Amino acid sequence: MKKLALNSILISLAVVLSYIERFIPLDLIIPVPGIKLGLANIVTMFALFFMGLTSAVAVTVLRCILASFLFGGMSSLLYSLAGAFMALMVMTVLKTGYNKAFSILGISMGGAAAHNTGQILMASLMMRNAAIFAYLPVLLMTGLVTGLLTAIIAVNLFSIVEKNKSVKLI
Amino acid sequence: MRIKPRAGDFVVIAVIVISAVLLAVSFYQKNSIEKTAIILQNGTVLDTVRLDRLEGLYTLDYEGEYPGTIEAENGKIRFAHAECPDQVCVNTGWISRPGQIAVCLPAGVMIRIEGIDADGSDVDIIIK
């Protein structure tokens with residue numbers, strides 16, 4: 001029951017973060033479609049680290065559906081699902097080496113890069129054209145910066161949550 | 001609390017940077033003598049525009065769920081107006097170099113510039 005409540009909070013938090021993100025005009029600085037801070041990825045990471053993979057998948061899918069229906073429109077659903085799933089996949093793999101081979105930094109940056117790659121893959125499928133991959137280098141490089149930012153936020157969040165002892169790292 | 005990076009983190013960063021550089025190099029095209037803008041909607045060519053031979057203003061209205069207008073002049077092309085929700089395409093502004101693209105994802109419209117470079121080779125990359 002506690003898990004259900006926490007999952008619901010995480011989903012609503014992720015939806016709110018996706019909404020707030022729309023007001024940060026990152027694409028005015030770097031005019032590339034789909035460029036975002038990836039704040040909702042912090043929630044995905046939290047779910048992955050404290051709740052497990054099933055929970056992370058549920059939070060990701062529902063967040064994408066809700067955010068797309070509320071603010072993005074149907075076309076954005078496929079892009080956000082493709083990005084979010086790629087990110088989740090890569091982060092799940094990298095997490096197996098957490099504290100040994102990788103820290104939050106590598107996991108977050110890998111997630112950001114995978115997110116961008118997923119979205120570009122989906123975009124090239126939808127537009128039936130590979131030219132859109134021309135955007136990927138810029139997205140990958142900015143992903144390093146946004147990945148660093150989300151890693152800093154996540155590290156601080158995780159340390160607070162662990163002190164609180166209400167949820168445990170898994 | 002500070003991040004304590006592990007060795008693997010730098011591997012991740014290196015892989016990302018290397019793939020970004022490799023991709024950028026493969027899409028880079030030299031300055032061209034001839035420049036053609038190809039306007040595509042969901043994979044179908046709507047029109048092709050010879051940017052280097054353009055006289056006056058060229059405009060193209062496209063239909064669909066999110067209609068819009070593309071305009072070209074003086075060797076450059078842009079989304080002048082679009083009814084899509086994110087306006088990323090309009091914010092991209094003018095594009096003029098071969099290899100550059102402007103895209104409206106909601107409308108499925110893409111402008112791509114292709115060119116023949118100064119060396120005379122007419123094919124830089126073929127992407128299927």
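Which residues, taken from the range B:40-70, are assigned to a loop (DSSP other than H, G, I, E, B), crowded, with 17+ Cβ neighbours inside 10 Å and within 14 Å of another protein chain (Cβ to nearest Cβ)?
Within the range B:40-70, B:66 is the sole residue that qualifies.
Quick one: is residue A:60 touching a Ser or Thr at 6+ places or on another chain (Cβ under 8 Å), open to solvent by less than 40 Å² (accessible area, probe 1.4 Å) and assigned to a helix (DSSP H, G or I)?
yes
For residue A:163, work out the one condition from (1) open to solvent by 20 Å² or more (accessible area, probe 1.4 Å); (2) modelled with pLDDT of 90 or more; (3) within 11 Å of chain B (Cβ to nearest Cβ) it doesn't fulfil.
Among (1) open to solvent by 20 Å² or more (accessible area, probe 1.4 Å); (2) modelled with pLDDT of 90 or more; (3) within 11 Å of chain B (Cβ to nearest Cβ), the lone unmet condition for residue A:163 is (2).
What tally of residues in the range A:55-105 results from selecting those that are closer than 22 Å to residue B:87 by Cα and more than 8 Å from chain B (Cβ to nearest Cβ)?
Of the residues in the range A:55-105, 15 are closer than 22 Å to residue B:87 by Cα and more than 8 Å from chain B (Cβ to nearest Cβ).
In the range B:71-81, what residues are surrounded by fewer than 22 Cβ atoms within 10 Å (Cβ to Cβ), small (Gly, Ala, Ser) and at negative phi?
Residue satisfying the conditions is B:80 alone.
What number of residues within the range A:1-18 are in contact with a helix residue (DSSP H, G or I) (Cβ under 8 Å, 6 or more places away or on another chain) and of a type in the set (Gly, Ala, Ser)?
Going through the range A:1-18 one residue at a time, the tally reaches 2.
Hey, could you check the range B:1-15 for residues that are facing another protein chain (nearest Cβ under 7 Å) and open to solvent by 40 Å² or more (accessible area, probe 1.4 Å) and say which is modelled with the lowest pLDDT?
If we take residues in the range B:1-15 being facing another protein chain (nearest Cβ under 7 Å) and open to solvent by 40 Å² or more (accessible area, probe 1.4 Å), then B:1 is modelled with the lowest pLDDT.
The values are calculated or read from the model by the stated rules, or taken from the named source; none is laboratory data. Fair warning: this is a prediction, and the values are worked out from it, not measured in the lab. Methodologically, a virtual Cβ is constructed for each residue, glycine included, from the backbone with ideal geometry; neighbour enumeration extends over all protein chains shown. Ligands, DNA and RNA are excluded from the accessible area calculation, which covers all protein heavy atoms including side chains. Shrake-Rupley method; radii C 1.70, N 1.55, O 1.52, S 1.80 Å.
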